[in-house]
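A.B. asks: Here it is, the structure, as structure tokens.
Values in this text are rule-based calculations from the coordinates and carry no lab data. Note that the structure is predicted; figures quoted are calculated from it, not measured. Note that we place each Cβ from the backbone using ideal geometry, even for glycine, and neighbour counts take in every protein chain shown.
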Amino acid sequence: MIERFQYDNRIVKNFLFVTILWGLVGMLVGLTAAIQLIAPSWNFADWGSFGRLRPLHTNAVIFAFVGNAIFAGAYYSLQRLLKTRMFSDVLSSIHFWGWQLIIVAAAITLPLGMTTGKEYAELEWPIDIAITLIWVVFGINMMGTIIKRRERHLYVAIWFYIATWVTVAMLHIVNSIELPISLTKSYSWYAGVQDALVQWWYGHNAVAFFLTTPFLGLMYYFLPKAANRPVYSYKLSVIHFWSLIFLYIWAGPHHLLYSALPDWAQSLGTVFSIMLIAPSWGGMLNGLLTLRGAWDRVREDPVLKFFVVAVTCYGMATLEGPLLSLKSINAIAHFTDWIIAHVHIGGIGWNGFMIFGMVYWLVPRMYGTKLHSVKLANAHFWLGTLGIILYAVPLYFAGFFQSLMWKQFTPDGFLVYPNFLDTLLEIRTAYILRVIGGSVYITGVLLMIYNVRKTVLAGKLIANEDAEAPPLEKLVVAKESGHWHRWIERRPIQMLVVSLVVVAIGGLLELVPTFLVKSNIPTISSVKPYTPLELQGRDIYVREGCYTCHSQMVRPFRSETERYGEYAKAGEFVYDHPFQWGSKRTGPDLLRVGGKYPHSWHYYHMYDPTSMSPGSLMPAYTHLFEDALDTTTTRSKIEAMRTMGVPYAEGSPALANADLQAQSEGIVAGLKKDGIDASADLEIIALIAYLQRVGTDIKAKPAPVAVADAAK
């Protein structure tokens, strides 16, 4: 008996079109941030400064552009692979509108400085809860669709969708455990080393299970469809899937090499990162070899062109990532623009080109017409490819040479470039080329938008596409045939549970010892909690996104200890909620900045960075000199810290604002000695207090240098 039903193309169309919209928005924000690094005057307002726009850019590209593309491709392919309509049109609609509201909330809160300060997880706790709820809606809709399917076997793409859903849920929940202070402010429950490990366990695997595994699912569906050929090797896809999801989850610590993280965790991350090369390249080869015999079509078909370059970029990024986990290479690359280039090979190459190929393949089919212009699509391909090259190649060279400059000594044993700014100005040309490359890439996107619009106008959406298939026969366990793995590949609940177990193993074995074994984080008796004023200043530091340009992690290299001071110790960060180690140095490391300069230097530097550091790329933070510090939150912040185990004395919350006022007046008195009249209730005073405290607990404070000397 044949059953007739209809595929829901409207939900696919909705997700696909907002993918294009948010992609353009996210890229334009990224282009603006890139321009700000060569023209600081483009930091046009406190809400439009680099420190606030960079998180907006990363969130827009990852969760709005890439996220909506995942849902568009998954909704389209799931229905056809399972021979059924989505489980619930209502859940599909809730998923779509809920996800868009989350994106809008992020677009509003991040520029306003409402951030947790954790990379790729900056959104505050109410939005985190909303993400969890909408993710559950997606999971119910997906699993319900799989259960009511008319196709017995679950194709490889669906395995990747299931593993993506369960792993992202686990990562998001664990990393988002935080203590709310207000509707717009919370503190990470974890601190210091533990927070860093959890964050990069999440951060690395957000790349793995949001930017990689779902796109591998899309690759396994759309590339064979576009080539009209079967996947090269089913056996290879089985090996690829299970080895990838098992190995990936262990590799997070390779983001923290030469840091205060315990050595065993760093080594574990390195070992599993190297092992990742095999399954990653297995997937890449499986994709490219699917095109065997179809290479003549690749020259003519823009969809296949985009897919080929996307899969190639996947291969490049997944080889480079493990290589960067080698300590000898990481010592050069970490904190430099090399990492930015590496990330964008994956982002605009692998993810971006897969999305563009998917758009060009889907739109004509859903609108029952032909693509408006193949020539324009080919032009988009070449502009996109040129944009990637112009963006990434200069940054690879910039990162490499800047790192070598950081490490260069004279024959007499002195740093050749003691001033960090000198090394930054030397790579200005690369930053200009990045802007040009990004502009070329976005020009291609604009061509795609025009091409898609003309295609849509020439056709009509097939909102409910007619289909038919025989009903699924009941599974008889005793008579299962084929390979042993068929048992799990035909049972979605077992697939989900086993996938969760496989990915949870690595996470548990890395996180649990770090939390339970005290020797992993030796305490330092001289390390004390932040004063109320310093804590308020630290929150301003986080709000302004200072961690996007400055690290607080002096690595155990002679070049770094000569430049910044004593290398970082694990026990220094036990009261840091969240940690502030950073991942990129567009400015110098600040771990030992406390006491290095007088209060007046910081005052002038924050008002006009070029007055202290001529040629600085840092924006001015003039609003800190106008905005009064909100002291109504001081007590609740101290109480929250006590709840998380920070040893503030009994009764300290009640006295917090009095202590804050006394320290503020002390800083104001110090500024007055240098001829500066400032009000004690301004935010700049709190920020100065924090900066003067950073890194001072384990060493004697050096004598402050004069303002004139500091400017040199």
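A.B. asks: Tell me, what are the semi-axes, in whole angstrom and largest first, of the equivalent ellipsoid of region 71-201 as set by the roots of 5 times the Cα gyration tensor eigenvalues?
C.D. replies: Whole-Å semi-axes of the equivalent ellipsoid: 32, 17, 10.
A.B. asks: Between LYS672 and LYS528, what is the FRET efficiency for a Förster distance of 25 Å, r being their Cβ-Cβ separation, to the nearest 0.05?
C.D. replies: Working from the Cβ atoms, E equals 0.40.
A.B. asks: Follow-up. Given +1 on the Cβ of Lys and Arg, -1 on the Cβ of Asp and Glu, and no further charges, what dipole in debye does region 1-152 carry about its Cα centre, rounded to the nearest 20?
C.D. replies: For region 1-152, the charge dipole is close to 800 debye.
A.B. asks: At what distance in nm do the modelled label points of LEU415 and LYS460 sit from each other, each positioned 7 Å from its Cα along Cα→Cβ?
C.D. replies: 6.9
A.B. asks: If I model a spin label at ILE177 and ALA504 as a point 7 Å from the Cα along the Cα→Cβ vector, what separation in nanometres do I get?
C.D. replies: 1.4
A.B. asks: Treat the count of other C-beta atoms within 10 Å as a stand-in for reagent exposure and order TYR417, TYR220 from fewest to most.
C.D. replies: Going from sparsest to densest Cβ surroundings: TYR417, TYR220.
A.B. asks: Then there is this: Putting +1 on Lys and Arg Cβ atoms and -1 on Asp and Glu Cβ atoms, find which of HIS342, GLY459, PHE356 reaches farthest to the positive end of the dipole of region 291-472.
C.D. replies: So the residue furthest toward the plus end is GLY459.
A.B. asks: Assuming 0.36 nm per residue, please report the length gained on full extension of the stretch ALA39 to VAL497 beyond their Cα-Cα distance.
C.D. replies: Computed gain between ALA39 and VAL497 is 159.8 nm.
A.B. asks: Please arrange LYS569, LYS518 by counting, for each residue, the other beta carbons lying within 10 Å of its beta carbon, fewest first.
C.D. replies: Ranked by crowding around the Cβ, least crowded first: LYS518, LYS569.
A.B. asks: Can I ask one more? Based on the Cβ-Cβ distance of ILE2 and ARG453, what FRET efficiency does E = 1/(1 + (r/R0)^6) give at R0 = 41 Å, to the nearest 0.05?
C.D. replies: The formula returns an efficiency of 0.60 here.
A.B. asks: Sticking with this structure for a sec: What does the C-alpha gyration tensor say about the overall shape of region 1-152? Classify as rounded when a/c is under 1.5, otherwise prolate if a/b is larger than b/c, or oblate.
C.D. replies: Judged from the Cα gyration tensor, region 1-152 comes out prolate (a/c at least 1.5, a/b above b/c).
A.B. asks: If you average over every viewing direction, what projected area does the convex hull of the Cα atoms of the chain give, in nm²?
C.D. replies: Here the figure is 31.8 nm², rounded to one decimal.
A.B. asks: Let me check against my output: what whole-number percent is the relative contact order of region 619-703, with C-alpha pairs under 8 Å and at least 6 apart?
C.D. replies: In percent, rounded to a whole number, it is 34.
A.B. asks: Give the cross-link partners of LYS235 among the lysines, using a straight C-alpha distance below 27 Å as the criterion and excluding same-chain residues fewer than 8 apart.
C.D. replies: Output for LYS235: LYS83, LYS148, LYS225, LYS305, LYS474, LYS479.
A.B. asks: In degrees between 0 and 90, to the nearest 10, how far off the longest principal axis of the chain does helix 89-109 point, with axes built from Cα atoms?
C.D. replies: Approximately 20 degrees, to the nearest ten.
A.B. asks: Hey, with R₀ at 51 Å, roughly what FRET efficiency would THR132 and GLU562 work out to, going by the Cβ-Cβ distance, to 0.05?
C.D. replies: With a Förster radius of 51 Å, E is 0.65.
A.B. asks: Related question: When only Cα pairs under 8 Å and 6 or more residues apart are kept, what is the percent relative contact order across the chain?
C.D. replies: This gives 17 percent for the chain.
A.B. asks: Once you put a point 7 Å from the Cα of LYS569 and another 7 Å from the Cα of GLU650, both along the Cβ direction, what distance in nm separates them?
C.D. replies: 3.0
A.B. asks: Consider a paramagnetic label point 7 Å from the Cα of LEU446 along Cα→Cβ; state which residues of region 28-71 have an amide N under 15 Å from it.
C.D. replies: Within reach of a label on LEU446, which here means backbone N under 15 Å from a point 7 Å along Cα→Cβ, region 28-71 contributes 28-29, 31-32.
A.B. asks: Sticking with this structure for a sec: Looking at the chain, send over the antiparallel percent of its DSSP beta bridges, to the nearest 5.
C.D. replies: Rounded to the nearest five, the antiparallel share is 90 percent.
A.B. asks: If region 291-472 were replaced by its equivalent ellipsoid, with semi-axes equal to the square roots of 5 times the Cα gyration tensor eigenvalues, what would those be, largest first, whole Å?
C.D. replies: 43, 19, 13
A.B. asks: For region 285-371, state which trypsin sites (Lys or Arg not before Pro) are in a DSSP loop and have at most 16 other beta carbons lying within 10 Å of their beta carbon.
C.D. replies: ARG292, LYS370
A.B. asks: Follow-up question, since we're still on this one. Listing TRP250, TRP189 from the residue with the fewest other Cβ atoms within 10 Å to the one with the most, what is the order?
C.D. replies: Neighbour counts put them in this order, fewest first: TRP189, TRP250.
A.B. asks: Still on this structure: Are any of the pairs LYS185/LYS596; LYS370/LYS454; LYS375/LYS460 more than 19 Å apart by Cα-Cα distance, and if so, which?
C.D. replies: Pairs exceeding the cut-off: LYS185/LYS596; LYS375/LYS460.
A.B. asks: TRP295 label point, 7 Å along Cα→Cβ, cut-off 19 Å on backbone N: hits in region 231-245?
C.D. replies: In region 231-245, the label zone of TRP295 (backbone N under 19 Å from the point 7 Å along Cα→Cβ) covers 231-233.
A.B. asks: Relative to the longest principal axis of the C-alpha atoms of the chain, give the angle of the C-alpha long axis of helix 352-366, reported between 0 and 90° and rounded to the nearest 10°.
C.D. replies: 40
A.B. asks: Among the GluC sites (Glu not before Pro) within region 534-572, which fall in a DSSP loop and have no more than 15 other Cβ atoms within 10 Å of their own Cβ?
C.D. replies: GLU566
A.B. asks: Subtracting the Cα-Cα distance from 0.36 nm times the residue separation, let me have the gained length for ARG642 to SER373 in nm, one decimal.
C.D. replies: 90.5 nm
A.B. asks: Considering Cα pairs under 8 angstrom that are at least six residues apart, work out the relative contact order of region 355-507 and quote it in whole percent.
C.D. replies: 35
A.B. asks: I've got another one for you. Okay, helix-only estimate at 222 nm for the chain: each DSSP H run of n ≥ 4 adds -39500 (n - 2.57), divide by all residues, round to 500 deg cm²/dmol; what do you get?
C.D. replies: My calculation for the chain gives -20000 deg cm²/dmol from helical runs alone.
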